[in-house]
Every structure is written in C-alpha cells, then in structure tokens.
1. Which peptide among C:153-162, A:395-404, B:315-324 comes first, and what is the full order, when sorted by highest mean count of other Cβ atoms within 10 Å?
2. Determine the principal axes of the Cα atoms in region B:265-360, then give the extent along each, sorted from largest to smallest and rounded to whole angstroms.
3. May I ask for the distance between the Cα centers of region A:119-174 and region A:27-98, given as a whole number of Å?
4. Starting from 0 in steps of 20 Å, tell me what percent of the Cα-Cα pairs of chain C lands in each bin.
5. Considering the convex hull of the alpha carbon atoms of the protein assembly as shown, report its projected area averaged over all viewing directions, in nm², one decimal.
6. Which shape class, rounded, prolate or oblate, goes with region C:396-523 when its Cα gyration tensor gives a ≥ b ≥ c as root eigenvalues, a/c under 1.5 marks rounded, and past that a/b bigger than b/c marks prolate?
7. Just counting partner chain Cβ atoms within 10 Å, what average do the residues of peptide C:374-383 show around their Cβ?
8. Under 8 Å for C-alpha pairs, at least 6 residues apart: give me the relative contact order for chain B, rounded to a whole percent.
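A short reminder: the numbers here are calculations on the coordinates, not readings from a lab. All values derive from a computational prediction rather than experimental measurement. Here the Cβ positions follow ideal geometry from the backbone for every residue, glycine too, while neighbour counts run over all protein chains shown.
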C-alpha cells in the first residue's frame, strides 16, 4: 500500500472536493469537512508512525514512480527520523489551525481548500526524495499561504503579503538555481539525495551552490538579515495562518538546512560551519534583542521565532549526533510552543481588539479577564524561555550540549539569547497579564482604576487547541525519550555522513573546545 | 495609539462633592432611581441579609461559647458537631465566617466610637479582672501566661466584646434587609427613595437598642459589656461599623503594597479610604481581595430574580460575583444614604438658618468623603 | 547496589519530590475554579496531607539510612547518542536532614498559611504553588546529579516567580516578581553554561562522576586556566542568585512583596537549597582559584553589607530578609574555606531560626496591618506566642545564648582564628550587627507605648499560633538536634576564649541596639553624614539604580538598536529593493481589489518559470 502517497492524497483530494462540491455550503459545514479531512490526515500520519521503524536510519516506506525521467524529476517519497516528527507536527498543527478558524465568512470554501493544499504540499516537501519534487512542493505551499495572508489578513495585509511573496520567491529561485546548478555542474540529471563529494565537484562550486541554498533556506527559516518578511507577515496574518506559518512552514527552512545544505554538501558545509555558528549566534541575539523592543505581542512572538530558529543553525553547524537530535527536538518544540503562543495572542486579540502591550493590563483577572488564557500564556512563555519540564528546555539543552565543544563562543552567545527570551516574555506577561485589568494607557491613575472592562468571555472550546498544545509541550518536556527514540538513528546518521566526519576532523576545532585557542 | 472598541470599556461619572452635598440636602437619593437599580439593591440586600444572619449567629456563638478557648477547632460549627456538618465544613461547602471576623477586626483595629471608648474604661478593666481571676483559676496555661503577658487576656476579651457587639448589630441589619425584601415583594417599597427611607426608619427604630454582652466562666455569669455601660445600637456600634467597614476599611494585600519604604499606606488610620464604598469591584475573586468571601457567600444566596438580571449582562454566570460586588456597592451607598439621612442634626425642611447651616455642614462633611468614593456606580448603566 | 535489597521506603524515594508536585495537581480543580459554589480549602487540606506524607516518608528513610549508611539510587530518564541523563538520589544523612528541614518547615508553613491567608479566596492557587515549590526543593536537596539539580533549581525559580507574583494585581508585585525571576535567571543561565560545558567534557552528570573527572582533568591539565575559571564562575553563579548574595541579592528584598508564608520558606529553605548545591559543586571549583576567591569576597560583602543594610531598614520584613543575605554570606565563606560541616550546621540553625522570626513577623503584620517599624510599638505584653517566637528566634540566630547559631559561630571562629583571622572577625562583626538589628527591631515593635496602629493587638488565630509555638519549641531544642547531626567532633568543640569572644560580640550588639536612639516619626538622622550613610544603607547601596544604569540600560539600548536596525535599515533596504524591482512604488501596496488578479498572475508566472527551467534542462541534456 502506498503509505506516504495517501498522506498527500488525503489533503489534496480534500481540497479538490471542497472546491468542486456543488451548491452553496455554509462556512460551518465547510469547516467540518476540512476538519474531517485533516483528522484523517493526522490519523494516517499516526498509522505511518506505527509502521515506521525508529531503529533504522534509512529512508523507509519508499515509493517511486518515474515522472519526467528525462529531467530527473521522479515521484519518489520516503520517510526517516528527520521527516517523521515533522509530518506529525504538520498534521497536528494544520488540524489546530483549522479548529481555531471560527469566523471565516469571506470565501470560506477557498480558505479551507488552501489550508488543505498547504498541508499536503508541506507533507510532500518533507517526504520528497527527489530535489525537483521537493522544489515543486516547496513552491506549491507558497502561493496558498500568500493568498491566506493577502485575502484574510489584517489592515496592512497587501504590503505584508507582497513582501512575503517576494522574499519567498527569491528563496525558491535560489533553491531551484542551486539544484539545477548541481545538475549542471555534475553533469547528471540525478536529483536524488546523494551527498556530493569533492571528487565529483570542486570545492569552489560546492561553496557557491551551498551559499545559494543557505540563503534560500535562510530566508525561509528565517535567519538574520533575511527575516524581515516574517514579523510583517505574522502581524497581518490571521491567527490560524500564524500558527501554520510559525509552527510548520518555517520548519521547511530548517528541514532544508539539514536535508539539503548539510545533506548534499557535507564537505562544503564543514568548511563553512564555523561561520554558520557565528551567523546562528548573531541571529539568536538579534531576534531576542529586537523582540525586547516590541510593543505588539504578535511581533514579539514573531521575533522570538527568529531567535529560536537560530539554535537549529547552530546545531546543524556543530553537526554532532546530540546537536542534530537537539535540532529535531527544537523544530518540534518550537513548532508546538510558537503555535501555542500565537493561539493565545490570537485569543487576547479577539477579546480585546488589541495586542498593544502599552494598553493591555491585568488580563489574569479571574472574573472579567482571561485567566485561563493567561495561565496557558505563562506556561507557554516559560516553555519558550527554556524552563525545565517543558519541551523547550531539553531541546535547547541538547543543541547547546552538542555544539559547545565545537563552537564554544557561538554556543555561549546563543545561551545568552535563551536568557533574553525570559526578559521579553516576562515583560509580555507582566505587562499584559499582571496588574489591574484595563485596556487603556495607564496615564490617569484615577480614571484607570475606575474603568469597568467588559471583555467577552473565552469559551472553553476556544482554549481546547491551546490546552492540547500545552499538554504536548509538557509531555515532551517530562518524557523526551519517545521523540528521542524516533529520531536518534537518523540524526546520528546525518551527523556521521562519512565525508562530513573526515572533513570535520580536518577543518574544525579539536575535541576539547576550551583548549588554547579554542575559545573564540 | 490603538483603537479600543468603545463597548469594551465603560467609565461611570464622578459627581463632585458639591453635587453630592446638594443631593443630600435636597433629600434626594444618591443612587439613580431606576427599576434595575431597585431590583439590584433589594435583591442583593436580601442575599446579604441571609448571609448576615449566619454571620451574626456565628459571631455571637463564638463570643459566648468559644470565649478564651485556646484552640477553637469548631468555632465555625455553631456548636453542631454532626459528621455531615463537619464534612460540609471540610469540603468548604459553607458560609465564609472568616469575612465576619475580618469585619470585626477592622472595627476593633480602627477603634472609633463609644464601644471602643468603653473598652479602655476602668469599669471594663474591672470586669476583665474578675473574669481573668476566675478563668486562670481553672486554666493553668492562662494562669502561666497572664502574669508574663499582662495585656494578653484583656486584649482577647476586647476582641470577644467587639465580636459579640458586631453580632448584635448584624442581627438587626439582617432582619431589616429581609424585611425590606418582603416589603418590596408586597409592593410597599417600589423605588430607591422608598428603600432609603425604609432603611432609615429601621435604623432609627433600632437606634436606642442596648448592646450588652455577658459570658459564663466556670459556671458563673459575668458581664463584659454590662447594661449600665449604656452602649446603644446606633452611635456605639453602627456608626463605628460604618466608619471602619464602609469608609476606612483595610488595605487589600492584593492591590496595595505594605512595603514601608513604598509608603503607599497612610500612617494615619483616619485617612484610610479602602472601605466598601471605595473598593474597586473589578478584582473581586482575585488574589488578596478579602471581600471576595462575602461575594461568594452572597452568590450562594442569590435571589432568582437578580440571577436572571445578571445572566443578561456582560458574561452572564461567568462574572456574576463582580456584578454582585457592583450591586452591593450600590446598596451600600443606599444604606449610607439612609444613615446620613437619619443622623442629620435637624430636620431637612427646618426653616431655622442655624439648623440649616448645621445640616449643610454635616452634609458637606459627608460629601467631601464620598466624593472620592466609587460614586461612578451611582449612575444607571448605559 | 541492587535496588531490590533495599527497603520499600528507600526504593520509593523517587516519590518524595512527587508529593509536592502531586499537591499542585490535586489543587488544580479548586485553583481553576471548577467548583463554583464551594470554597478552596480542600486544596489546602490535601496539600497538608501530602506534605505530611512526605515528612513521614522522609523520616522513615532517614531512620533506615541511619542504620544502613548512605544509599544511592538511580533511574534512567533520557538517553540519546552519548548523552545519558538520569534521575539520581543521594541518600546521605546530610541530604536527608535537609529534606526533613524542607518538608517539616513546609508543613508548618502551610498550617501557618491557613491562618495567615484565612480571607484569601485564591488559597488553592497558593497551595498549588507551595506544592510545586516544595516538590522542587525536596528534589534539589536529594539530587545526586548536576543536571537534575539544575532542572529543579530552575523550577524553583519559576515557582518563586509565581509565588512572589501571587498578588498579581498589586503594582509593586508586578515588578518584584519580574526582578526575582530575572535575577535568579541570570545566575541560572550562567550555571547552565557551566553545566553544558561540563556535560560535554565529562559525559556523566552525576556529581560523583564529575568529582572523579575533575580530579583526572586537574591532574592531566586537560582544561585551560581560562576554561577552568569560567567553569568555576558559572558553577557558583547559580547558588549566588539562589542565596541572594551581593550583587544578586535585590530579588529577596523585592520578593518580600509576596505572601508571608512564602517568605518564611524563601528565607529559610530556598537559600539553604542554594547553598547545598554550592556544596555539591565545590569539588569542581578546583580548576578555579578565582571562583573560590569570588566566593570569599562575595560572602564577606554579603555578610557585612547585608547586616548593615538590614539595620537601616524601616520595613520589618526587609530588616530580616537582608539578614538572610548576611548569614548566607557566612555560609559562603565557610564553604569556600572547606568547612562544609560547619556551613551545614549554620544553614540548619539559621533556617529554623529565620523561619521562626518570619512567622513572628507575619503575626505582627496580620495583627497590625502594618510593616513600618516606626508605626509599631508596645506589642510585647499582649502577644505571647508572637513575642516568644521573636525572642527565641533571635536567640537562635545570634551568638549570645547557647541556642543554634551560638555553636556555629563558636565553630567558625575557632576554625578561622588561626589561619584566617580576618574571616573570624567577619563572623564576629556579623554577629554583633545582627544582634544590634534584632534588639533594635525588638524595641521598635514590642517595647514602648502602643501606637495608633498597635492600639488593639490581640494574639493571632490558633492556626498561626500553633505552628509558631511548635517551631519555638523546636528552635529552643536546636542544640540537641545539631548535636545529633554533627556528633564528631561535637558542636561544642571550641575553646573558652572563642566562646567569650562570640558572647561578647553578641553582647556588644545587644547593648548597642538597646541604647541606640529610636525615632518613631523621624526615621532619618539629623546629622548630615550619618543621614547620607543611613540613606545609602536604607536604599541598599542604591543597587536597584546601579542595575538600571548598567545591565538594564545596556539590554534596553541594544534592544532599541536592534529594533532600529531592523525597522530602518533592513526594512528600508527591502522596501527600496522592492520599489526598484517592481518598477513602481505601488507594487508593494497591491490593492485588495487586485488580489485575485495578482494571485492568478503569480501562479501563472511560477508555473511558467518552472516549466521553462525544466525545458531548459531537457534542452541541456537532450
């Protein structure tokens, strides 16, 4: 049975059915159909998980069909310990974002169809075992997301959507260019995931192609200074789209870093790795510092993504088994945590009409405020700040633990970024949730103290998705062994790409990182 | 600057002291006379009356039967130690008597009026000496402590006396508020004006009720507050109660910092403005807000009509206790209004210039204090 | 050792931290407000019950370890590649005594809280947080691995934040909770850096393995001096934050905004847990003479400055919280000078006495609604339990009467007198200053005429009085307990001159406190130089302003710079490029009406691009 193709078939067929279904359907019915389809997709992902053998590091459940063989475009799917967790996250978070879509009155049919197309395309990109196939899916996800922002976004959505489109289009062109360039340079049309060795391709060409890929995926991750589209896209996107964007789509970038940058050009990667580690640290610090200065809750969470995705580049640069496993953990936990935070910010925004930290106060108020949302928010920001017992900590710990020997300075700087996360998120919680309940600037204390605030209540069902994510965050934090088992073989294999190991031994720092000259 | 939707926030008006004074002198009610206000005030006072009934019974029980008991494990059980009652107590399925004690402590601590003056008198000290002599004869622990800490037992007896006096005060108020509810139900009270008048009449009628308190120590009945002390309901207990609970109150740990260096709390208790008329209802049921206990008690006794009214507003059942607190504040303004009306030095329609001037000064003094209170609750809801 | 040969209580030691955590879970239904009609007290009772179980379980283990000797238990938690993280428990007498201190004080504090917070509707949340707090603490003291210690210390940081932030609507609480978290977090991040490095170098995170590794690495010189120094500083940063040592002490002052029952625990057991972790990492400081020096300097400054600042406080809670900083400074000195046994005794004696003092303080606040020393007075004759608690607690804290700390001071002075007389002097001076402070506060609060706010001051309710009296008895019996804790060489193993020196320093302090002028309405001196000094101490050397001018300003400045860089430079560049590439400035501001068209256009463009490139490839290879 084509296990993996069904993971693509379910959302794409669902999208087609939604579009082609005759007659006028109410938005609620359309949402229900989308939920069923996404539920099926998640269930099927779990079936795939059950069939998945975590002890093997190879591609599993492979399927192959020739497509345009002359071009090297082959329909070839497979799953390993790197893509399996991401497929699960995709299934879960697309479902979450459909669940938290409640008030779509404008073109609901297209909205849900686009959501399903994105989910299918993301599955395709994670499962593709052919560079061109990956690229097709990578591009396929772009247009629906652009539409989701530009049609269902906020007041300034056109600007944000266009910016997103241009950035991601550049990203796509660079990636395609690198893939085609690889074919051109090696003179084969074999677009499979085989590492390139220096016998096949001169180091200069390798570095050039890797550079293009790095920028291409760096835009998607996003890494400083290519992150500029992300805060705008998030602030203009609706909550479900933000959940999808932060939780799933950014992971295409980090997945690309591990699978294609590191996976295709291990030797060139090893050469660039020290620079990449510093780039990671800069990105982490920049994202964290910029987040501190934000007044808009959503922008703050968006910048936190820039910071937290930097850890993955750091881990990839170090490329030790623990670091790579940490990177996988970080992808999963960032997906869950940032989705959780965007959901909660979305609730606050829906109830108060603002996300401005200078006017929101005291939302923990038990009767008139949003106490449960606030409780989950505290949990979410603590998870993001790397509090033990939640998913963020074990991920960051592994990233740091795996990277410190190779790149001590970059790792220590990144840890500083982890400390800064506590600063901005504590500012967020203390400003918006502590104090007397109010949604006005606290200029006149007397008037402020007399303000009667009448926010609509948060229905329990509105917090169900967030509660589920919070429980997942705690579960992974307390019992990381399950996820560890799932990805350990693959991440160890990635870290031990033979060429990489030899190259690393030549180029990088000695094992005792803090020996003379090791620091810095 | 973000745009805040207007329907999410609301700020009531704040009448000036002059406006309040004019209203008081004209014999108008402070609270706007609307149908909704009438329901809110009467029904919330009805639930308050039921709660006060329990508070009063328990305070009197504590003062009489738990007098100087070192570990009063069952002080909230009113002497009934059935397993079912103990289970309900442990499950916290009960009235929060802690709030009654809180009000008692506020009265004792602020220490104004006739009762407090009597607690410092020589006659009281003599009564205490007799009680302590009898008590220490039977109780070795107290016999040991009393010589070492000479003020200890006297202070405890003062506490018991205040407890009992508050119990007696609330007995009257409970009956009055329940009567009010009956009067409204049979149609004889149909406006806020009538509510204020009804309460004023009740207070005036009870004004001269004597306040006395005796305890039984080792089989002997001894007076703590004897009849000859001449303590009466209105001036010696009701007025200090209004001062301590309605006006001054105690700072809430949940909203005010006790940090001495921050100097948020005035060193002068007379300047305190934390009482029921000044408190912010919005944080009700939050941390460090003691009146939450009272709101919970009233919530458990909420009349159906008021419940129906609340269900239509804001969050319905979800924020009902904040709404109770808001209505309670309105009703306390009515009670204050009645008390002021009942204690004017001269009739309001007196033609004498001296009498009018005295009334004006009296009204001005009240208006000055009330102007800083939560008068924004007096307007009808938009 | 095979686990099955051990008795059931020891095998089940992993449950000990879970008692506290389960208390938190058990409180959740009430804390979340699922019971609309009933109050939150059952949550408190359930927490008391599980804490009682923890006390009993702990004492069963203690009893058995007493007979069997120390035990070590390990459970796997997470293993991947060369990373092996385990949950480990070291059941030594020291750790178990600390556990009993933690659970016992937690039990007393919880009963006390039932009285202190009797009109608190959020009682369930308070107990949930205390349960969380207690669970983390119990785990920290038993933990046998650095990883687990860090894990739980961070949880402790979180629970401190939540407990200090308990009255979240109070404006000063908002800043206090934030500062408490961030200050501790600075220490924690530095500790994390050290721990991650150690984990990478040494592999195992078990303290015993780390000690072995450190000895080998030291012998082979595998670590550069720089790395060793950084490692040492990282290791001590965590405990420094937890123990509120200068310059990371400010949070303890601000944490006094939290509820008093939590202050009781924070000033006694949290700081103790921090110091215990320091003791456990001490052998790792062998690479770093600088770290030891830093410990001594920080300890000395904290001991003396803390005691001086305490004297200048007008707030009764803060007068004692700075004294905590001061005593933990002495503990730091003792640990740095390789006297862990004395440090342990001091922690024990200080913890119990300080907890008792804070109970007494809580009673005063509950009765008088006031924390300002200048507004208090004349409580002594009316509050027997509170007054006795204060007196016994003070006696336990000061080296004067033969209660707890007297013996500790004796041992400290005896040990330091010959090799490090300077530190002996520091101990004596701290003792004198503390005695001065306690006497001063006693005069303010308990003696003199009653003040307006203390005119009516009945003794507190029995739920507060009972734990206070129990702890009073315990503190009075402390020398006997300490004797059992440290049978060899015995707590009285110091000479008579040392004893005389300790008693004299205490006497000097008491005498000074007794004659120093007290101003009820004028807390500042009229003498200009004295007033400057007083203000300096009263405002804690303006530490908060120094923070604001340095770290806070730096972070805020960098944040603004990053934001500016992003919104002006990067964004400007992007917009500029966008404008150029789209030929018209309107390109970036596509109208909503044009969306469908541009959508279709882009789809077509993308497909054309793709097909063209495929075509090109075909051509290339065709």
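1. A:395-404, C:153-162, B:315-324
2. For region B:265-360, the Cα extents along the three principal axes come out at 53, 40, 20 Å.
3. 18
4. With a bin width of 20 Å, the distribution comes to 18, 48, 22, 9, 3, 0.
5. So the Cα hull casts an average projection of 61.8 nm².
6. Working: a/c = 3.64, a/b = 1.45, b/c = 2.51.
Judged from the Cα gyration tensor, region C:396-523 comes out oblate (a/c at least 1.5, b/c at or above a/b).
7. Per residue, the average neighbour count from other chains is 3.
8. Details: 497 pairs, mean separation 113.9, N = 382.
With pairs under 8 Å counted, the relative contact order is 30 percent.
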